[in-house]
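Visitor: Following this message is one structure expressed as structure tokens.
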Amino acid sequence: MQTMESLWKSFFGFAEDRTDETFDEAVARAKGLLEKRNYEDAWRVLRYAEKQNHAEAMYLSAWCYWHGHGVREDAGRAIMLWKRSAAMGFGPAQERCDSLRESRERMQQDTKDPEQ
């Protein structure tokens, strides 16, 4: 009989045969699922790790929200997750936040000075 802990891990996408799977291992497995375009299963794994404040899981979950992979598209949630991940020092999230900020600044500049 499975324990409640292993039932929850199975539900959230942790490996059923690895009850001791760490969040880092689960996120690595989710990345493999993303590469295979198995977005629903990947998102389930990432969502659980994200709730445990795993910076890389937040970053990858944000991409799922941004593109609507395995979850309903939600740009606001994606940006919020990228910001949280960046605040935790995750480099790719910091780069993404910088890129989004630069895009926003360019758009604001274009609307202020449309003749340039």
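FYI, it's all coordinate maths here, none of it is from the lab. On a predicted model such as this, the values are computed, not experimentally measured, just so you know. Every residue, glycine among them, receives a Cβ derived from its backbone with ideal geometry; neighbour counts consider all protein chains shown.
Visitor: At 7 Å along Cα-to-Cβ for each site, give me the label-to-label distance between residue 87 and residue 106 in nm.
Guide: 2.7 nm
Visitor: For labels at residue 98 and residue 53 in the simple 7 Å Cα→Cβ model, what's the distance in nm?
Guide: Label at residue 98, label at residue 53, 2.5 nm between them.
Visitor: Of 75, 107, 54, which is farthest towards the positive pole of region 45-116's charge dipole, taken about the Cα centre with +1 and -1 on the beta-carbons of Lys, Arg and Asp, Glu respectively?
Guide: Of the listed residues, the answer is 54.
Visitor: If you stretched the chain out fully between residue 38 and residue 20, how much longer would it get, using 0.36 nm times the residue separation minus the C-alpha to C-alpha distance? Write down the numbers at each step before the final one.
Guide: On the way: separation 18, 0.36 × 18 = 6.48 nm, distance 2.29 nm.
4.2 nm is the gain from fully extending residue 38 to residue 20.
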